[in-house]
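Quick note: the coordinates plus some simple rules give every number you see, no bench work behind them. Predicted model only: the values in this text are computed from it and were never measured. All Cβ positions, even for glycine, are placed from backbone atoms using ideal geometry, and neighbour counts span all protein chains on display.
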Amino acid sequence: MPLFAATVFLSAFLLFQIQPIVAKMILPWFGGSSSVWTLCMVFFQVELLLGYAYVHLVHEKLSARRQPWVHGALLLLSLATLPVVADPSWKLDAQAYPTWSVLGVLATTVGVPYLLLSTTGPLMQAWYARAFATQGVQPYRLYALSNLASMLALLSYPVLVEPVMAVKPQAWMWSAGYALFVLACVATAAYTVRRQNDTTTATPALEDAPHPGWRECLMWVGLAATASMLLLAITRHLTQDVAPVPFLWVLPLALYLLSFILCFDAPRYYVRPFFLVVALPLAFVALDFAMNEGLEVPVLVGLLCAAVFVFCMVCHGELVRRRPPLRHLTLFYLMLSVGGALGGLFVGLVAPVVFNAYFELPLGLFLCALLMVLVLWPELRARRHGHWLRGALLLALLLYGARLSSISLDYVQGYTEVVRNFYSQTRIEDSVDEDGLGRVRSMVHGSITHGEQVLDHPKRATAYYCERTGIGRALQSLPTDRPRQLGVVGLGAGTLAVYGRAGDQMRMYEINDQVLDLARRHFTFLSDSAATIVPVLGDGRLMLEREAPQAFDLLAMDAFSGDSIPTHLLTLEAFDAYQRHMRPDGLLAVHITNTYLDLRPVMASAARHIGKVPLLLELPSGHGDPFCRRSRWVVFVSAAQAAALPPSLQGAEVLQPRPGFRPWTDTFSNLFDILI
């Protein structure tokens with residue numbers, strides 16, 4: 001048992017460690033963190049499915065004595081693919097074929113090792129069951145152990161690995177760990193062969209079980225897909241609409257893995273009457289409150305996480321109750337991986353194309369309720385008054401479906417327009433200002449406002465960009481005796497176009513084409529500007545790296561007003577790219593307003609790297625200007641400019657480097673170090 005357990009534990013730990021390592025490695029090459037992370041998630045889920053399919057094929061087509069030899073040979077051959085360091089040549093096609101380039105670099109970098117790691121859990125369980133079939137072993141406990149290792153890897157990476165080591169050393173360390181895993185797995189294979197040679201009664205004990213029917217296989221797929229859907233949909237709701245706190249996505253995933261650990265290690269933890277009669281209805285009610293009531297953030301986070309745990313316990317608990325005899329163990333895990341992949345693909349790729357709002361959450365809730373009805377339906381038939389109970393259950397399902405339909409309508413009703421694509425959901429909302437300014441039109445992404453226009457004062461700069469904010473003061477300090485070259489990374493509603501003068505050119509970089517379309521159709525900042533507006537679609541850093549020097553008088557980086565930041569825009573390499581486009585006396589302004597992260601140390605270290613002085617211009621709450629929001633901007637100036645600041649920039653705080661703070665690079669960043 002220790003040899004099998006060590007192999008399973010190490011494989012699962014490495015599976016969850018390589019995902020953030022390789023994704024972080026390629027992130028600066030492709031930009032747009034949401035798209036890169038989503039593609040990575042899809043790739044790893046499909047790889048997991050292929051691994052489970054391989055195990056099932058080997059289990060069904062090869063004899064028990066040949067399986068260890070074949071798998072051991074593949075493991076030894078896979079060592080030739082190490083180390084898992086991505087080839088930079090993939091950057092050449094990043095702009096033309098971003099999706100295929102991301103998938104290609106993942107396949108060539110970690111495709112083979114990840115595939116073989118993904119086979120370990122079910123394969124070790126099958127070998128263990130055969131080797132010790134006469135002793136009544138429970139190999140399903142090894143699956144609980146693998147999920148424990150996955151959870152430890154998930155929690156340890158941002159705390160113990162990322163803060164102390166750059167990405168390439170991480171990749172080399174992981175490669176060494178993989179080599180150790182190969183040795184452990186080959187040793188397990190050798191032990192399995194020896195055990196089978198010594199045991200003649202193990203194999204028949206696994207052969208006397210009927211094949212599960214297609215209905216049962218569909219139920220396995222449905223339960224696994226529902227848990228996956230609800231995990232991803234609730235995590236999206238939690239991190240975008242409730243509290244976009246960095247790392248908060250880890251908590252639901254940890255609870256998801258915990259439910260696997262509890263259900264597969266000891267099924268007694270799934271107390272079925274309690275979870276189905278008490279916990280599940282309460283979870284449905286909790287999600288209803290979380291999606292519709294204005295509760296405090298800690299309460300919402302608690303409700304959502306508790307609901308995730310209940311849904312996953314119910315789905316995985318029912319899976320364990322329906323697990324087949326050991327003869328069909330690999331088929332069972334194959335169906336689980338099919339369900340998990342389908343749930344992930346639906347939420348990650350299909351929903352952004354099919355839906356204009358986040359309808360996958362109510363859809364996942366209804367699917368969960370439907371599956372529970374299907375699970376209980378045959379059992380209620382044998383009970384006294386079973387037909388009445390089934391009728392009441394069906395009525396409850398229909399009423400809940402109607403309630404979820406009403407919630408779904410609320411996602412889009414009351415907004416002028418709601419659109420969604422691969423990058424985000426964006427809403428246009430009209431309201432009346434409480435301070436008496438009249439009608440206000442806002443562009444909202446999740447819980448973050450990305451620009452607003454007072455319709456009765458359409459040419460006034462507002463929100464984070466008014467005259468009293470750092471960017472407003474920086475723009476007012478620019479020369480007025482000649483046309484100016486201005487750059488903006490992050491379009492939003494296009495508010496900064498207000499500052500454009502006749503003869504000026506303003507290049508506005510925006511990764512999301514829907515944002516540009518909404519800014520043109522619902523706001524007049526762009527059309528009213530006296531400057532020549534040049535929209536540039538694409539990731540701001542990648543576009544700037546490809547362009548000839550622009551000689552900007554001012555470049556505004558406005559990609560950080562949300563609480564989840566694209567770190568590839570804050571590295572030393574990124575600031576080198578920005579500096580290449582600046583005039584000698586040009587100003588670089590970075591928006592760092594954030595609820596959960598203190599980006600001042602990052603700015604100070606970047607300023608030292610490019611030889612600039614970082615000025616913090618902060619507009620606090622309670623400023624008394626109804627056109628302005630609380631904001632924090634950092635303006636980078638030369639030493640000569642800092643010695644003779646224009647009036648609009650005077651009074652700024654000069655940021656000082658934090659002792660011991662490690663500058664961010666494309667291979668190293670540490671969000672934990674700047675948590676507020």
### Query
Taking every DSSP beta bridge that has both residues in the chain, what percent is antiparallel when rounded to the nearest 5?
60
## Note on the structure
Whole-Å distance linking the alpha carbon centroid of the stretch 446-503 with that of the stretch 373-388 is 64
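Please state the relative contact order of the stretch 1-208 as a whole percent: Cα pairs under 8 Å, 6+ residues apart?
Working: 209 pairs, mean separation 84.8, N = 208.
The value is 41 percent.
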### Query
What net charge do the residues around Arg473 carry, taking every other residue with its C-beta under 12 Å from that of Arg473, with Lys and Arg at +1 and Asp and Glu at -1?
-1
### Summary
For the chain, the longest principal axis of the Cα atoms and the Cα long axis of helix 33-61 enclose an angle in degrees, to the nearest 10, of 10
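Stokes-Einstein diffusion coefficient for the stretch 213-342 at 37 °C in a medium of 0.692 mPa s, Rh from the Kirkwood formula over Cα pairs: what value in µm²/s?
My calculation gives 215 µm²/s for D.
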#### Entry: Anisotropy class of the stretch 461-674 from Cα gyration tensor, a/c 1.5 cut
rounded
### Query
How large is Rg over Rh for the stretch 444-564, taking Rg from the Cα atoms and Rh as the Kirkwood inverse mean of 1/r across Cα pairs?
0.93
### Task
Rounded to the nearest 10 degrees, what's the angle between the helix 600-610 long axis and the longest principal axis of the chain, both from Cα atoms, 0 to 90?
70
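Can you sort Ser101, Ser406, Ser638 by how many other beta carbons sit within 10 Å, fewest first? Don't jump to the answer; show the numbers that get you there.
Details: Ser101 20, Ser406 12, Ser638 15.
Going from sparsest to densest Cβ surroundings: Ser406, Ser638, Ser101.
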### Summary
Checked against the positive end of the charge dipole of the chain (+1 on Cβ of Lys and Arg, -1 on Cβ of Asp and Glu, about the Cα centre), the farthest of Val186, Phe274, His609 is Val186
## Note on the structure
Neighbour-count ranking for Lys24, Lys612, Lys459, Lys168 (other C-beta within 10 angstrom, fewest to most) reads Lys459, Lys168, Lys612, Lys24
### Query
Which of the trypsin sites (Lys or Arg not before Pro) found in the stretch 473-535 are in a DSSP loop and have at most 12 neighbouring Cβ atoms, other than their own, within 10 Å?
none
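Run the numbers on the stretch 209-413 and let me know its relative contact order in percent, using alpha-carbon pairs under 8 Å that are six or more apart. Don't skip to the end; give the middle numbers.
Values: 195 pairs, mean separation 69.2, N = 205.
Over the stretch 209-413, the number comes to 34 percent.
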### Task
Under 4.7 Å Cβ to Cβ, no partner at all: give me those cysteines from the chain, in residue order.
Cys40, Cys185, Cys217, Cys263, Cys305, Cys312, Cys315, Cys368
### Task
Please report the Cα spread of the chain along all three principal axes, rounded to whole Å, starting with the longest.
93, 62, 41
### Message
Could you work out how much longer the chain between Arg268 and Val46 gets when fully extended? Use 0.36 nm per residue separation minus the Cα distance between them, nm to one decimal.
### Response
76.8 nm
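Return the loop-located GluC sites (Glu not before Pro) in the stretch 418-471 (DSSP other than H, G, I, E, B) with at most 15 other Cβ atoms within 10 Å of their own Cβ; answer none if there are none. If you can, show how the numbers build up before the last one.
Working: sites: Glu429, Glu434, Glu452, Glu467; in loops: Glu434, Glu467.
Here the GluC sites (Glu not before Pro) that fit, given the DSSP loop and packing criteria, are Glu434.
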